[in-house]
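Enquirer: Submitted below is the structure of interest, expressed as structure tokens.
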Amino acid sequence: MLDDRKTAILRAIVEEYIATAQPVGSSHIANSHEFAVSSATVRNDMAILERDGFLTHTHTSAGRIPTDKGYRFFVDNLVPAGTLGTIAQAKVGEFFESAHFRLEETLQRTSTLLTQLTNYASVVIGPTVEVAVVRSVQLVRLSSHHITAVVVLSNGAVENEQIEVGIDITDAHISATSSQLQLMMISKPLRDVPVHRLQVKHSNDVVSRVCERVLESLDRTRSDETFFVGGAAQMAEAFDAVEIVRNVLHALEQQYVVVTLVRDMLDRGLSVAIGAEHGVEPLSACSVVLAPVIADGTMVGTVGVLGPTRMNYSQALATVEAVSDRLGRRLTEN
């Protein structure tokens, strides 16, 4: 465990490097902070911090920069409880008050919002279809043999299918079928809705047959996640080394890489993964900050940001937490 002076020196170095991206020297720390010791003492403590793995130095400067271990100590012990500034709070509030879009568009716009607020890449993973329940079922007759079925799910997704029923149908049949489907489907996940005709209990054979055709047409097995990554351009500007930029952008283009990273972090109970901690080599120069999205008491998605290891952790944590909370409330309302 670090003593109070070394802890204060490490904190000063991390905060200075986050702000400037320049290696930090002992003289600068001694002169710009209220340490009642000489620059030689600060330099000696910095050498100990480097020996213990909290700092390192570049070949071109005598200054020190934090290591992943240094950032981890900073995040676990020194990051203050961040709050969004007034402007950022207003931006989040205005966004979700007007976010009356379909699920996919809401999530895509949320990823853009996260990037705008943090200037980092954003990750937004929405709820899967298989955990959502049916909120509404509507049928529209297109012709005597064709209908459109519209099913609205609790996660905001909309299933829309055009169906050829193969028999003559009237508006009365459509009305009766809609009522029957609502009895069978409302408040159930699609995967739990019956599909066989024998399970459709209705005295009218036409209604039973149309119900069966609708149930057969719905994609009840889909479990893919709605996934958005934004802010790739911001990540390109965050690094000086071309090779690092190339690796980061290539990794962000591969959805399975980012989804696997997020799932692994959540499985390990991590809200912050720094550098090599997340185990994705192409992103070893990056840190990830995540927060779960909770709707109706259930985790239905994840939001987060991905940036350089020298990211502003306090701001990132506060922003991700605020956005996840408001997104969860929006999905609950939907």
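The values are calculated or read from the model by the stated rules, or taken from the named source; none is laboratory data. Here the structure is a predicted model, which is why all the values come from computation and not from measurement. Glycine also receives a Cβ, built like all others from the backbone with ideal geometry; neighbour counts cover every protein chain displayed.
Enquirer: Only one residue in L270, L261, L266 is free of Cβ contacts under 8 Å to residues at least 60 places away in the same chain and part of a loop (DSSP other than H, G, I, E, B), so which one is that? Even if it seems obvious, please write down each step before you answer.
Expert: Working: L261 fails: part of a loop (DSSP other than H, G, I, E, B); L266 fails: part of a loop (DSSP other than H, G, I, E, B).
Step by step, each of L270, L261, L266 is checked, and only L270 is free of Cβ contacts under 8 Å to residues at least 60 places away in the same chain and part of a loop (DSSP other than H, G, I, E, B).
Enquirer: Here is a check on your reading of the model: is I169 over 28 Å from H100 (Cα atoms), at pLDDT 85 or above and assigned to a loop (DSSP other than H, G, I, E, B)? Break it down stepwise before answering.
Expert: On the way: over 28 Å from H100 (Cα atoms): yes; at pLDDT 85 or above: yes; assigned to a loop (DSSP other than H, G, I, E, B): yes.
Considered against the rule, which asks whether it is over 28 Å from H100 (Cα atoms), at pLDDT 85 or above and assigned to a loop (DSSP other than H, G, I, E, B), I169 comes out as yes.
Enquirer: How about the range 20-100: which helices (runs of 4 or more DSSP H) wholly inside it have at least 3 residues that are over 26 Å from C286 (Cα atoms) and assigned by TED's automatic domain parsing to the domain that holds A238?
Expert: Values: elements: 26-32, 39-51, 68-77, 86-97.
It comes to 86-97.
Enquirer: Further question on the same structure: If you take the residues of the range 172-191 that are of a type in the set (A, V, I, L, M) and part of a helix (DSSP H, G or I), which of them is nearest to L331 (Cα to Cα)? Even if it seems obvious, please write down each step before you answer.
Expert: Step one: list which residues in the range 172-191 are of a type in the set (A, V, I, L, M), which gives 172, 174, 176, 181, 183-186, 190.
Of the ones still in play, those that are also part of a helix (DSSP H, G or I) are 172, 174, 176, 181, 183-185, 190.
Working: A172: 34, I174: 30, A176: 30, L181: 24, L183: 24, M184: 23, M185: 20, L190: 18 Å.
The qualifying residue nearest to L331 (Cα to Cα) is L190.
Enquirer: Name the single residue, out of those in the range 297-334 being among the β-branched types (V, I, T) and not in a strand (DSSP E or B), that is modelled with the lowest pLDDT.
Expert: First, the residues of the range 297-334 that are among the β-branched types (V, I, T): 298, 300, 302-303, 305, 309, 319-320, 323, 332.
Still in the running and not in a strand (DSSP E or B): 309, 319-320, 323, 332.
Numbers: T309: 94, T319: 95, V320: 95, V323: 95, T332: 81.
Within the range 297-334, the match that is modelled with the lowest pLDDT is T332.
Enquirer: Moving on. Inspect the range 235-245 for any residue being touching a Ser or Thr at 6+ places or on another chain (Cβ under 6 Å), surrounded by 19 or more Cβ atoms within 10 Å (Cβ to Cβ), of a type outside the set (S, T, Y) and closer than 23 Å to N119 by Cβ and give the result as yes or no. It would help to see each step written out before you state the result.
Expert: Narrowing the range 235-245 to residues touching a Ser or Thr at 6+ places or on another chain (Cβ under 6 Å): none.
Checked the range 235-245: no residue is touching a Ser or Thr at 6+ places or on another chain (Cβ under 6 Å), surrounded by 19 or more Cβ atoms within 10 Å (Cβ to Cβ), of a type outside the set (S, T, Y) and closer than 23 Å to N119 by Cβ.
Enquirer: Mind checking which residues of the range 296-319 are of a type outside the set (G, A, S) and farther than 16 Å from I274 by Cα?
Expert: From the range 296-319, those of a type outside the set (G, A, S) are 296, 298-300, 302-303, 305-306, 308-313, 315, 317, 319; that's our starting set.
Matches in the range 296-319: D296, T298, M299, V300, T302, V303, T319.
Enquirer: At pLDDT 85 or above, over 23 Å from V158 (Cα atoms) and not assigned by TED's automatic domain parsing to the domain that holds H145: does that describe D264?
Expert: So D264 passes the test.
Enquirer: Take the residues of the range 227-242 that are modelled with pLDDT under 85 and not aliphatic (A, V, I, L, M): which is nearest to R72 (Cα to Cα)? Break it down into steps so the answer makes sense when it comes.
Expert: Here is the first cut: in the range 227-242, the residues modelled with pLDDT under 85 are 227, 232-242.
Checking which are not aliphatic (A, V, I, L, M) leaves us with 227, 234, 237, 239-240.
Numbers: F227: 28, Q234: 23, E237: 24, F239: 20, D240: 23 Å.
Looking at residues that are modelled with pLDDT under 85 and not aliphatic (A, V, I, L, M), I get F239.
Enquirer: Under 7 Å between Cβ atoms, at least 6 apart or on separate chains: pull out the pairs that start in the range 165-194 with a residue that is under 14 Å from V150 (Cα atoms) and end on any residue that is in a loop (DSSP other than H, G, I, E, B).
Expert: Taking only residues 6 or more apart or on different chains, the pairs are M185/V193; L190/L218; L190/R220.
Enquirer: Among the residues of the range 276-285, is there at least one that is in contact (Cβ under 8 Å) with a residue 40 or more places away in the chain and outside any helix (DSSP H, G or I)?
Expert: Start the filter on the range 276-285 by keeping residues that are in contact (Cβ under 8 Å) with a residue 40 or more places away in the chain, which leaves 276-277, 285.
From what is left, the residues that are outside any helix (DSSP H, G or I) are 285.
Yes, the range 276-285 has at least one match.
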